[in-house]
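Accompanying notes for the structure given below.
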Amino acid sequence: MSTDAGAKAARPQRADGRRNQARVLEEAFAAFAAHGAAVPIREIARRAGVSTGTVTRHFPTKEALFRAVALHRIEHLVRSAEDIAAREAPATAFFTFFAFLVRQSAADHAVGDALTGAGFDLQAAASTAISDFGAAMTGLLSRAQQAGTVRADVDTADIKALIAGCIARDDDGAAQQRMIEIACDGLRPRRG
């Protein structure tokens with residue numbers, strides 16, 4: 001690495017650069033939430049009132065920008081799972097989080113795309129956040145299974161598939177609620 005490149009990398013970001021980066025992230029949050037990973041960089045730049053060069057200066061690839069947005073959203077989901085686990089009994093916390101996750105994923109396409117792997121390989125790029133999310137979901141699931149409210153033969157892959165199915169009904173709030181109820185009923189242990 002040349003001395004100039006090292007000095008440039010170590011130089012703190014200017015205030016206008018930080019503002020531009022924050023504006024790009026804010027608009028990317030909104031654009032990815034509305035349209036998922038398919039939204040073009042030029043549309044995000046237009047919404048942020050900056051050039052596409054400004055976007056790529058902060059986020060060299062669309063994947064890097066999507067990753068930053070998705071990681072922020074996944075970290076929010078992990079905090080939500082922790083809050084629900086602390087506030088509710090194990091018997092109900094899992095179902096509360098399941099419904100919350102479906103609604104968040106349907107309303108925020110970036111979350112849905114990140115959790116279902118659509119668009120980009122976040123598993124490789126965001127192993128810590130994905131791992132934290134997996135641990136939070138597994139913890140809620142395990143505690144619900146130990147409490148006897150979720151079938152013992154269910155695993156997190158099953159949960160992700162059910163979430164994806166419920167998200168598919170985001171066209172109608174009543175239909176989506178019905179899908180959540182059907183999925184939750186199917187997750188409960190069989191009687192008799």
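Data table
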{"read-out": "Accessible area expressed per residue, segment 17-96, with surrounding protein chains retained (probe 1.4 Å, Å²)", "value": "49"}
{"read-out": "Charge dipole (segment 145-192, unit charges on Cβ, about Cα centre) - positive-most of Thr149, Ala164, Ile182", "value": "Thr149"}
{"read-out": "Order by protection proxy (mean Cβ within 10 Å, highest first), peptides 131-140, 98-107", "value": "98-107, 131-140"}
{"read-out": "Computed label-point distance, nm, for sites Asp155 and His72 using a 7 Å Cα→Cβ extension", "value": "3.4"}
{"read-out": "Computed E for Asp171/Ala38 - FRET, C-beta separation, R0 22 angstrom, nearest 0.05", "value": "0.80"}
{"read-out": "Under 14 Å, Cβ to Cβ, from Phe95 - net charge with Lys/Arg +1 and Asp/Glu -1", "value": "+2"}
{"read-out": "Accessible area in the full protein assembly, largest first, 1.4 Å probe, for Glu26, Glu88, Glu181", "value": "Glu26, Glu181, Glu88"}
{"read-out": "Segment 19-99 - charge dipole about Cα centre, Lys and Arg +1 at Cβ, Asp and Glu -1, debye rounded to 20", "value": "440"}
{"read-out": "Förster radius 22 Å - calculated FRET efficiency between Ala164 and Thr61, Cβ distance, rounded to 0.05", "value": "0.30"}
{"read-out": "Mean Cβ neighbour count within 10 Å, used as a protection proxy, ranking 37-46, 171-180 highest first", "value": "37-46, 171-180"}
{"read-out": "Per-residue ³J(HN,Hα) for segment 171-187, Karplus 6.51 cos²θ - 1.76 cosθ + 1.60, θ = phi - 60°, Hz, x for Gly and Pro", "value": "6, 8, x, 5, 5, 5, 4, 4, 5, 4, 5, 4, 4, 5, 4, x, 7"}
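The values are calculated or read from the model by the stated rules, or taken from the named source; none is laboratory data. No experiment lies behind these values; they were computed from the predicted model shown. In this analysis, Cβ positions are derived from the backbone assuming ideal geometry, glycine residues included, and neighbour counts consider all displayed protein chains. Ligands, DNA and RNA are excluded from the accessible area calculation, which covers all protein heavy atoms including side chains. Shrake-Rupley method; radii C 1.70, N 1.55, O 1.52, S 1.80 Å.
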